Amino acid sequence: MAVLTSDAVILRTWPVQESDLIVSFFTRDYGKLRGVAKAALKSRKRFGGALEPMTVARAWFVERPRQELGRLDQLEILRSPLSDAVDMARMTALSFYAEVLDEALPEHDPQETVYRLLTAVLEQTTTTQPLMPVTYFALWMTRLMGLLPDLVHCTVCGEALVAGEVSFSSYADGLFCGVHAQGNALSEDSWMLALRMLKQPVAAFASEPWPRRRGQDLRRFAVQALERHLEKRLKSAEALARLS
């Protein structure tokens, strides 16, 4: 079996046997994979600190036909989440990325656009501004998964939405006008922000002030869409809500 190589981001790990780990990792070229890292808890030469979630690395691995788990042979760190300052807010943001991708992505399905989204938001996820890239990531993941509704027309009547009169439901997809208002208001700033984020790269928002409550309702809207699709609550989303 040929050894494959690709840039990859570590999502999560599970211990198995005495020193082995099962590793879920998202590769640029082959999609999400799972493989056994033999003696990972002992071998600094092959893995070092590269198994921290959200580590960007060059990975060498073997896929095994008709087997659920491949073999992860080596990782070479390209960017470590520990190379920048770490606090609870930043670690919660990184955990959110990892959980969404691990739960949402099918295995063995290349997702180049999602990979580029992830690496872009990782560069912007700092201790001073962790919630802006989280908001961007959550909104774009709903779009890339085909879950994002029309953001400019009411789901019920099709009329153009008006800033300050936009709402959403916790139980159904779509945005609603003032006539068909639902229980959750989407503020004018958040609605306009969503329209801008779908047109601009995440780096374009890095210089904007971002108090913790900014985009809170937009994050709730996107996260609830993801959870409805996954049919489960995201643990990291609960921690994010507490940060806001």
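The values are calculated or read from the model by the stated rules, or taken from the named source; none is laboratory data. Only a predicted model underlies this, so the values are computations on that prediction, with no experimental measurement involved. Note: ideal-geometry Cβ built from the backbone for every residue, glycine included; neighbour counts use all protein chains shown.
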Can you name the residue in the range 39-53 that is surrounded by fewer than 18 Cβ atoms within 10 Å (Cβ to Cβ) and touching a residue at least 24 places away in the same chain (Cβ under 8 Å) and, of all such residues, is farthest from L78 (Cα to Cα)? L41
Name the one entry in V56, V86 that is modelled with pLDDT of 95 or more and either surrounded by 14 or more Cβ atoms within 10 Å (Cβ to Cβ) or more than 15 Å from the chain's Cα centre (by Cα) (or both). V56
Inter-residue pairs, beta-carbon under 6 Å, first touching a residue at least 60 places away in the same chain (Cβ under 8 Å) and in the range 139-162, second of a type in the set (F, W, Y), 6+ apart: none
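Listed here are the residues, each with its yes/no results for (1) in contact with a His (Cβ under 9 Å, 6 or more places away or on another chain); (2) among the basic types (K, R); (3) farther than 15 Å from L139 by Cβ.
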| position | (1), (2), (3) |
| --- | --- |
| L175 | yes, no, no |
| N184 | no, no, yes |
| L195 | no, no, no |
| Q200 | no, no, no |
| G215 | no, no, no |
| S236 | no, no, yes |
Looking across the range 104-141 at residues that are surrounded by fewer than 15 Cβ atoms within 10 Å (Cβ to Cβ) and closer than 19 Å to G35 by Cα, the single one that is nearest to the chain's Cα centre (by Cα) is P106
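Could you go through the range 158-176 and let me know if any residue there is in a strand (DSSP E or B), at pLDDT 95 or above and either in contact with a helix residue (DSSP H, G or I) (Cβ under 6 Å, 6 or more places away or on another chain) or not assigned by TED's automatic domain parsing to the domain that holds T125 (or both).
Scanning the range 158-176, I find at least one residue that is in a strand (DSSP E or B), at pLDDT 95 or above and either in contact with a helix residue (DSSP H, G or I) (Cβ under 6 Å, 6 or more places away or on another chain) or not assigned by TED's automatic domain parsing to the domain that holds T125 (or both), so the answer is yes.
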